[in-house]
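K.L.:
Have a look at this one before I ask anything.
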Amino acid sequence: MSVRRHLTDIRPLRSSRSFREIWGASVLNGFAGQIAAVAALAQVWELTHSAIWTGAIGLAQGIPLLLLGAVGGSLADRLDRRTIVVVSTLAQALTALGLTVQASIGNTSPLVVLVILAIGSAAGALGSPARRTLPVRLLPRNQVTAGLALQNLAFQASMLVGPAIGGLLVAIALPAGYAAQMLMMPFALIAALRLPALLPDRAPGTKVEPGGWTFPLRRPVLRGALLTDLATMTLSMPIAIFPMVDELRFDGDPRTLGLFLTAIGAGGIVAGLVSGLVAQLPRPGLVQLVCSACWGIALVGFAFASHAAIALLALAVAGAADTVGVVTRGSLVQLVTPDAFRGRVSALDHVIGVAGPEVGNLRGGILAAALGAPAALAVGGLSAVAAVALIGLSHRELRRYEPGAGLPLCRTEPAH
């Protein structure tokens, strides 16, 4: 078997012009978004010198995601998804312009920054469910996993490089950090405008079923996949505990703290570079379960690592496991869900992905304050493994699901 088949699978970039353009635009905007995030953090801190205000950035962006994600899912199952993506992208472009303008004219109110960020987050929440359905509508069935892997690889790369570039630009001039995103948004808008029509795929005259929100509960494969992600993140998300670990084990060195996050991203990129192998794995549900268990075990290893190199290696393993699990779950969710329900299920998947880590970080911080960082990490990791094992044992359909047995897809664009 050729080694090349195990490396990053770029067939989606060759087979669909629309996917290629949307992916390219998302790469540019991913980096620009990370740069703008650094600019927002730096500006709010400069205006307030308050950790409460900088923490409010997450609140301003998180609340619209949670409140409007369901609305976006319903819209995606009723309207042309191309139209939704175009309108939401245009709204985000206007918020990027607004951030650049307020920084350029010397705005001194942190509330202005938070309001604009909240508007941009609301636009993203309304458009995200429709956008998440694009790979499965634009690609052949056997390339959906590879397409999602390419998207995840781009995200991991932006997480690694974007903040560093953002720091450099903001050090030169604050508006430059926002301007980077503003200048990249036209590429996303053009790519969205060039999409084919993407009406929900259902029989003529068929109404959107109100039971669509309960559809995942009626499908053991979907229920198991979503529960696995929710349990893993809420029980073991470790980010909030990182500063305490750094202080306890590594003398509070900020460089080590930064490397903790970098290690997770690096592991994710390594996993993304062998996405060809991931796409060939026959049972994505079983792969997700195994990867979620590996995530928990790796965090237990990190909990008791006394040497920085071992700690970073454990986090890299966790990052790789998380990336493979995210890609396989995303592929499974999109392939199992009929297109008439895909917007709402994508919205539910998105909300779990947003809320799960936040709840997990809150849980981790409280537990670490009570038990100490190592015990909190170990308890979280072992709890996640136990929950994953229970879900796997009670969801035989998830363990045995193979994409070839799923529902047929309706392609809307010929291969190019």
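None of the figures in this text is laboratory data; all of them are computed from the coordinates on show. In this text the structure is predicted, and so the values were computed from the model without any measurement. Glycine also receives a Cβ, built like all others from the backbone with ideal geometry; neighbour counts cover every protein chain displayed.
K.L.:
Between the stretch 283-315 and the stretch 80-124, how many Å separate their Cα centres?
P.N.:
37 Å
K.L.:
For the stretch 121-178, rounded, prolate or oblate, judged on the Cα gyration tensor with a ≥ b ≥ c (square roots of eigenvalues), a/c < 1.5 rounded, else prolate if a/b > b/c?
P.N.:
oblate
K.L.:
If you take the charge dipole of the stretch 138-277 about its Cα centre, with +1 on Lys and Arg Cβ and -1 on Asp and Glu Cβ, which of Ala173, Leu189, Ala157 is farthest toward its positive end?
P.N.:
Leu189
K.L.:
Take every Cα pair under 8 Å in the chain that's 6+ residues apart, average their separations, divide by the length, and report that relative contact order as a whole percent.
P.N.:
About 27 percent, as a whole number.
K.L.:
Moving to a separate point now. Please state the charge dipole magnitude for the stretch 1-199, taken about the Cα centre, from unit charges on C-beta atoms (+1 on K and R, -1 on D and E), reported in debye and rounded to the nearest 20.
P.N.:
So the dipole magnitude of the stretch 1-199 works out to roughly 980 debye.
K.L.:
Hey, if you put +1 on the Cβ of every Lys and Arg and -1 on every Asp and Glu Cβ in the stretch 211-406, which of His307, Gly380, Val327 ends up farthest toward the positive end of that dipole?
P.N.:
Most positive-ward Cα: Val327.
K.L.:
In what sequence, highest mean first, do 329-340, 176-187 appear when ranked by Cβ atoms within 10 angstrom?
P.N.:
Put in order of decreasing packing, that is 329-340, 176-187.
K.L.:
If you average the sequence gap of Cα pairs under 8 Å that are 6 or more apart and divide by the length of the stretch 23-134, what percent do you get for the contact order?
P.N.:
Details: 92 pairs, mean separation 44.8, N = 112.
Averaging sequence separation for qualifying contacts and normalising by length gives 40 percent for the stretch 23-134.
K.L.:
Same structure again: Convex hull over the Cα atoms of the chain, averaged projected area in nm²?
P.N.:
Directional mean of the projected Cα hull area for the chain stands at 19.9 nm².
K.L.:
Run the helix sum for the chain: -39,500 (n - 2.57) per DSSP H stretch of 4+ residues, divided by residue count, reported at 222 nm to the nearest 500 deg cm²/dmol.
P.N.:
-26500 deg cm²/dmol
K.L.:
Using a Gaussian network model of the chain whose springs link C-alpha atoms within less than 10 Å, name the residue from Arg20, Arg363, Arg249 with the highest mean-square fluctuation.
P.N.:
Of Arg20, Arg363, Arg249, the Gaussian network model singles out Arg249 as fluctuating most.
K.L.:
Cα gyration tensor of the stretch 1-199, axes a ≥ b ≥ c as square roots of the eigenvalues: rounded (a/c below 1.5), prolate (a/b > b/c) or oblate?
P.N.:
Values: a/c = 2.18, a/b = 1.55, b/c = 1.41.
Verdict is prolate for the stretch 1-199.
K.L.:
Can you give me the Rg/Rh ratio for the stretch 1-85, using Cα atoms for both radii and the Kirkwood formula for Rh?
P.N.:
Dividing the radius of gyration by the Kirkwood radius yields 1.14.
K.L.:
Between Gly265, Gly55, Gly276, where does the largest GNM mean-square fluctuation fall for the chain, given springs only between Cα atoms within less than 10 Å?
P.N.:
Answer for the Gaussian network model of the chain: Gly55.
K.L.:
Sticking with this one: Nothing charged except the Cβ atoms of Lys and Arg (+1) and of Asp and Glu (-1): what's the magnitude of the dipole of the chain about its Cα centre? Round to the nearest 20 debye.
P.N.:
Once rounded to the nearest 20, the dipole reads 1500 debye.
K.L.:
Could you state, as a whole-number percent, how many of the C-alpha pairs of the stretch 211-406 are farther apart than 32 Å?
P.N.:
16 percent
K.L.:
Can you work out the Karplus-derived ³J(HN,Hα) for every residue in the stretch 260-265? Use 6.51 cos²θ - 1.76 cosθ + 1.60 with θ = phi - 60°, whole Hz, and x for glycine or proline.
P.N.:
Whole-Hz 3J(HN,Hα) from phi for the stretch 260-265: 4, 5, 4, 4, 4, x.
K.L.:
Most fluctuating residue of Glu358, Glu46, Glu397 in a GNM of the chain with Cα springs under 10 Å: which is it?
P.N.:
Among Glu358, Glu46, Glu397, the largest GNM mean-square fluctuation belongs to Glu46.
K.L.:
Taking 8 Å as the Cα distance limit and 6 or more residues as the minimum spacing, I'd like the relative contact order of the stretch 257-335 as a percentage.
P.N.:
For the stretch 257-335, the relative contact order is 49 percent.
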